[in-house]
Amino acid sequence: MPSILANRAVLVWAVLVAATLLSFETTVLGNSGAVILVVAFAKVLLVGREFMELRDAPAPMLWAFQSWVVAVCGVLLALFFA
Amino acid sequence: MDTKSTTMKLCTYMGALAGTLMFVGIWPLARMFPPLDPALPVAQVADYYRAHQTGILVGGILITSASVLFFPFLAAVATFLKKIEGAISPLTWAFVMIFAYGFVTLFFAGLFFTVAAYRTDRPDAEIAMLSDIAFFLFVMPAVPAFVQNVVTGVAILQDKRARPILPRWLGYMNLWTGLLLLPGFAVGLFKTGPFAWNGVLAFWVPAVVFGIWFNLMIVAMLAAIKRDALAEA
Amino acid sequence: MTTAERRSGGHVPGEEGLWVFIGGDLVVFAVFFITYAVAHRQEYALFEASRRLLDRQLGLLNTLLLLTSSLCMAQAVAAVRRDDRRARPLLLATIALGSGFVVVKTFEYAAKISHGFTLNTNSFSIYYYMFTAIHLVHVLIGLGVLCFAASRFDKAGRMPGGAALIEGSGAFWHLVDLLWIVLFALLYLL
């Protein structure tokens, strides 16, 4: 039976947790709000593509989602840091 | 009555007519769109009603009329829900009661706008209070609307036919609409900010979402009438 | 994804109508996020000062709880697809972790309220409470849906109706996780 401890989902989770902890420890990322925001949306992209399985979904769905991620992240970056 | 009847189509179109009348009543006439700022001082509220008296009185007539003209549309929706549920139809009954309840409050909102504008020599505080009542009657229907949307969504999604009477996306759309109306519950807590009765989240989002809901319901229902869904098993 | 699915253009997890709902939710939360960002820009000092009152550790804990519950959810869906009996315990773990989120949130609210930081304290508090509360409603709905899915397992630990229900429930649950990731960054970190 496939392992539930050593598979792609666990790898994705590990990346998400690492990114979360790094964002939290502002000393590591040097207090950069913009980096924190971009990392958050990178996590969102990962959750959508991997956990929500959008990378296997029909192309229009995947692209709608990815466009949302880029657009919202962009607008928020501009409003917070421009 | 025949299932492709003109009456069903007319009832459905009534929704569009009623919606338009209500919108005209609220916006160009009564100038209540967007709603008055809840943080406005009492004297300014009263002056607003005095300054726009005729518009508000005529708007009040349109709002009260529109509230009633929605009912044939709701009856058309209920006819669909009844068809979906069949003989045992608790959700249809729930829908009818909740929606009637919600649109009567709209009638009273129109009424209170009228009363507030009716006598310009009323003291400021009285006019402001009548105005408050009118706005709450206008916005608090988010509460029954949420329940109505959940009931409608669930009813549509419970359709077990191979070809559902109403499309499944409409059921999900109803649930989404209901969720987005939720911020409207909170208007009593706020006089400013996004959750006040004129706020982005408690007014604009629900208003836009309600408009979208209306249009999509009409489109889906007309399509179902056209393919004679009510005659199917 | 099977070769047939790849050829036919992809697999929709759950059913299509559900994605109308998910897409709509993403649009609306985008409006929420942007409204918040505008307010933050207008009242920067107030928002910065108020943000520091939030308990970042609890926020972090909640994020980790949801991320891990999403992991369990993804594993549960994969397990259902291959008729693996571990699907149900994985789903139950998802529900447990999600419930943990609710518990932590309740403590967090209670602590804030007892310190006098309530709904109408200032404009930041309005956003904090309202957005996290609306998110919490999503969490509760998600938990309800997951409990329903958990009830559909048969005695052998398989799901008779096929994977669509658990895929769809999973998609909604991951949405809940995704929205929190952004909320955590906006409200607690930035």
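A short reminder: the numbers here are calculations on the coordinates, not readings from a lab. What you are looking at is a predicted structure, and each value in this text was computed from that prediction instead of being measured. Methodologically, a virtual Cβ is constructed for each residue, glycine included, from the backbone with ideal geometry; neighbour enumeration extends over all protein chains shown.
With a threshold of 21 Å on the Cα-Cα distance, the over-threshold entries among A:Lys43/C:Lys112; B:Lys9/B:Lys226; B:Lys191/C:Lys105 are A:Lys43/C:Lys112; B:Lys191/C:Lys105. Per-residue shielding of C:105-112, expressed as the average number of other chain Cβ atoms within 10 Å of the residue Cβ, stands at 0.
Relative to the longest principal axis of the Cα atoms of chain B, helix B:90-118 runs at roughly 20 degrees.
Here the label points at C:Phe148 and A:Arg8, each 7 Å from Cα along the C-beta direction, are separated by 2.9 nm in the simple model.
Of the residues C:Met73, C:Cys147, C:Ala87, the one whose Cα sits farthest towards the positive end of the charge dipole of the stretch C:54-189 is C:Ala87 (charges of +1 on Lys and Arg Cβ, -1 on Asp and Glu Cβ, taken about the Cα centre). Whole-Hz Karplus values for the stretch C:71-78 come out as 4, 4, 4, 4, 5, 5, 4, 4 Hz, taken residue by residue from phi with 6.51 cos²θ - 1.76 cosθ + 1.60 and θ = phi - 60°; glycine and proline positions read x. This model, with +1 at the C-beta of Lys and Arg and -1 at the C-beta of Asp and Glu, gives chain B a dipole about its Cα centre of some 740 debye.
With everything on Cα atoms, drop me the angle between helix B:168-181 and the longest principal axis of chain B, reported from 0 to 90° to the nearest 10. The two axes meet at around 20 degrees. Highest mean packing first, where packing is the average number of other Cβ atoms within 10 Å per residue, the peptides C:59-70, C:114-125 line up as C:59-70, C:114-125. When the Cα convex hull of chain A is projected onto planes of every orientation, the mean area is 6.4 nm². Oblate is the label for the protein assembly as shown, because the ratio a/c of its alpha-carbon gyration tensor axes (a ≥ b ≥ c) is 1.5 or higher and a/b is not greater than b/c. Among A:Leu46, A:Leu22, A:Leu11, the largest mean-square fluctuation in a Gaussian network model of chain A (Cα springs under 10 Å) belongs to A:Leu11.
Under Stokes-Einstein, with the Kirkwood radius over Cα pairs as Rh, the value for chain B at 25 °C and 0.890 mPa s is 133 µm²/s. Karplus-derived 3J(HN,Hα) values for the stretch B:24-38, using 6.51 cos²θ - 1.76 cosθ + 1.60 with θ = phi - 60°, are 4, x, 6, 8, x, 7, 7, 6, 9, 10, x, x, 4, 5, x Hz; glycine and proline are entered as x. Against chain C, whose longest principal axis comes from its Cα atoms, helix C:16-42 is set at around 20 degrees.
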